[in-house]
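Undergrad: I'd like to ask you about the structure that follows.
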Amino acid sequence: MKHPAVIKLGLTLLAFILLGSLFYQKIYLPKHTFSTQSPQRGDLKVTVFGIGQLSAKNIYALGSPTGGKLMSVLVEEGDWVKSGQLLACLDPVDLPQQLLAAQKAVEHAKLEKQTLQTELQGLQAQAALAQATYERYQKLQNKGYAAQEKYDQSKANLLEIQSQIEATKVKIQAAQTAIEQAQHQTQALQDKLARLKITSPVAGLIIAKDAQPLQSVAPAQPVVQLVDPKTVWVKAWVDERLSKHIQVGQAAKITLRSQAHTLLAGKVARIGTQSDPITQEREVDIAFNQLPIPFYLNEQAEVRITTQQLKNQLLIPAQFLVFQQGQPAVWVVKSGHAHLQPVMLAGRSEQQVAIAKGLHLQDKLLLPSASLHEGMKVYIETAAHD
C-alpha cells in the first residue's frame, strides 16, 4: 500500500499540471476570436472599374484663318451659345470699301450690258428692214428695173448694219465678262469678310476665352474654345486584364468627384485601340445618358461598366477574397482551425465575388487579417452573420 503522503503528493502534482495546462490554454495563449459569414446564392452583375476625367469628343478651338486685330469678343467663358451665333470679329480694315466698289462695278457692267442689248435690238430691226430692201432691189435689178447704184447702196447698208450687230454682240459678251469678274471679286471680298467673323459651328458651351479685343491674332490662333455638350463623356482608364469583356453599348455607372453620392447612367461609347505601355491600361470612353448641368471638363470621375449578368451564383463579399501567389483563395473554418482554401472565380463586382469552384453554402468564411495563419485555432464570435 502506498503511503498517504505519496498519494497526496501525486494528487498535488496532478492538480498543478491540470491548472498549468488550463492556464496555458485559457490565459497564456493569445485568443483569436472571429466573426464568420457563409456564401449565399444570388445573381451578380460583373463590373469593371475605371478612373479618369470628364472630357469630350468634340472640342473646337475657334479662330480666323486670316488673322488680324480683334475688334470684339462677344462671349465669356461659361456662356452657352447657339449654332451660327457670332462670337468675335476681326478688323476688316478697308474690305467694306473694296466690297462696295466691287458691287458698284457689277451694277455698272449690268447697265452697260442692258444698254448694249437694247442697241442690239434696234440694229436687228434695222437689219431686217435693210435685208428686205436689199432683196427687193435684187429682184428689180435682175429684171432690169432698178439702177445698179440703188442695188449697190442697199447691199452696202445691209452689210454695215450686220457689222454693227456683230460688234455689239462682242461688246455684250465683254460686258458679261465684266459682270462675272466683278461678281467673282464681290464674292471673294464677301468670303474674306466672313472669315473675319468667328461663329459657332454647333450649339455648345464656351470653355475658354484665349484673346481679348484689340489684340492681334495670327491665322488659326484660337480666340475662344467651345465644347459640344452632346459629345461630353468620361475618358476612363481600365486595367488591360479586365478590359477584354468590355464592348461598345454596355451599361455603365458614372460617379463625378463633385457628386460623390450620385450615380449617373451612361454607356460605353468608344474603346481605345492602344494601351498605355507604362500603366498597362486601356482608354474606354463612357457617354452620359443625360449630361449633368453644369459640368466641368477634366473633373475626376469613376466608372463601373457592367460586362456580364451571372445568374444563381455562389456569392461572397469581395473583402473575403485574398490572393496567394496570384491565385484567389478564402479563409475558412475547418474543425475549429483556419484554413486557406483555393477557389475559382466566375466573376466579380466591386462588392461581391461569384465562386465557380472551391466553396459550399455551409462553409464558414473568415475575414482576412494579419493575425491569420494556416492551422491556427480560431474562436467563432457568433453565428449572427451566417
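Undergrad: If I filter the range 295-350 down to residues being charged (D, E, K, R) and assigned to a loop (DSSP other than H, G, I, E, B), which single residue comes out as farthest from GLY249 (Cα to Cα)?
TA: We begin by selecting, within the range 295-350, every residue charged (D, E, K, R); these are 299, 302, 304, 311, 334, 348, 350.
Those left that are additionally assigned to a loop (DSSP other than H, G, I, E, B): 299, 350.
Working: GLU299: 23, GLU350: 21 Å.
Per the criteria, the residue is GLU299.
Undergrad: So which residues in the range 99-157 are more than 60 Å from the chain's Cα centre (by Cα) and among the basic types (Lys, Arg), if there are any at all?
TA: Those that are more than 60 Å from the chain's Cα centre (by Cα) and among the basic types (Lys, Arg): ARG136, LYS139, LYS143, LYS150, LYS155.
Undergrad: Which of the numbered conditions does PRO292 fail, given that it passes all the others? Conditions: (1) closer than 22 Å to SER243 by Cβ; (2) surrounded by 14 or more Cβ atoms within 10 Å (Cβ to Cβ); (3) not aliphatic (A, V, I, L, M).
TA: (1)
Undergrad: Identify the residue in the range 357-386 that is part of a strand (DSSP E or B) and touching a residue at least 24 places away in the same chain (Cβ under 8 Å) and, among all such residues, is nearest to LEU315 (Cα to Cα).
TA: Start the filter on the range 357-386 by keeping residues that are part of a strand (DSSP E or B), which leaves 357, 365-366, 377, 379-380.
Retained after the next criterion (residues that are touching a residue at least 24 places away in the same chain (Cβ under 8 Å)): 365-366, 377, 379-380.
Numbers: LEU365: 12, LEU366: 15, LYS377: 26, TYR379: 24, ILE380: 21 Å.
The qualifying residue nearest to LEU315 (Cα to Cα) is LEU365.
Undergrad: Of the conditions (1) surrounded by 16 or more Cβ atoms within 10 Å (Cβ to Cβ); (2) more than 22 Å from VAL81 (Cα to Cα); (3) at pLDDT below 95, LYS267 fails just one. Which one is it?
TA: (3)
Undergrad: For the range 351-367, what are the residues that are within 30 Å of ILE254 (Cα to Cα) and either basic (Lys, Arg) or in contact with a helix residue (DSSP H, G or I) (Cβ under 9 Å, 6 or more places away or on another chain) (or both)?
TA: Taking the range 351-367 as the starting set, the residues that turn out to be within 30 Å of ILE254 (Cα to Cα) are 351-356, 367.
Scanning the range 351-367 gives GLN351, GLN352, VAL353, LEU367.
Undergrad: Turning to a different aspect of this structure: Go through (1) in a loop (DSSP other than H, G, I, E, B); (2) touching a residue at least 60 places away in the same chain (Cβ under 8 Å) for TRP237 and report which single condition fails.
TA: Single failed check for TRP237: (1).
Undergrad: With VAL73, VAL81 as the choices, which residue is closer than 18 Å to LEU214 by Cβ, in contact with a strand residue (DSSP E or B) (Cβ under 7 Å, 6 or more places away or on another chain) and not assigned by TED's automatic domain parsing to the domain that holds GLN187? First the steps, then the outcome.
TA: On the way: VAL81 fails: closer than 18 Å to LEU214 by Cβ.
Sole residue among the options that is closer than 18 Å to LEU214 by Cβ, in contact with a strand residue (DSSP E or B) (Cβ under 7 Å, 6 or more places away or on another chain) and not assigned by TED's automatic domain parsing to the domain that holds GLN187: VAL73.
Undergrad: Out of (1) at pLDDT 95 or above; (2) surrounded by 16 or more Cβ atoms within 10 Å (Cβ to Cβ); (3) not hydrophobic (A, V, I, L, M, F, W, C), the odd one out for SER243 is which?
TA: (1)
Undergrad: Looking at the structure I just gave you, is TYR145 assigned by TED's automatic domain parsing to the domain that holds ALA174 and not in a helix (DSSP H, G or I)?
TA: Numbers: assigned by TED's automatic domain parsing to the domain that holds ALA174: yes; not in a helix (DSSP H, G or I): yes.
It is true that TYR145 is assigned by TED's automatic domain parsing to the domain that holds ALA174 and not in a helix (DSSP H, G or I).
Undergrad: I'd like the full set of residues that are over 15 Å from the mean Cα position of the chain (by Cα) and either among the aliphatic types (A, V, I, L, M) or closer than 18 Å to VAL48 by Cα (or both), limited to the range 275-300.
TA: SER275, ASP276, ILE278, THR279, GLN280, GLU281, ARG282, ILE293, GLN300
The values are calculated or read from the model by the stated rules, or taken from the named source; none is laboratory data. Small disclaimer: the values here were computed from a predicted structure and weren't measured. Positions of Cβ are backbone-derived with ideal geometry, glycine not excepted, and every protein chain shown enters the neighbour counts.
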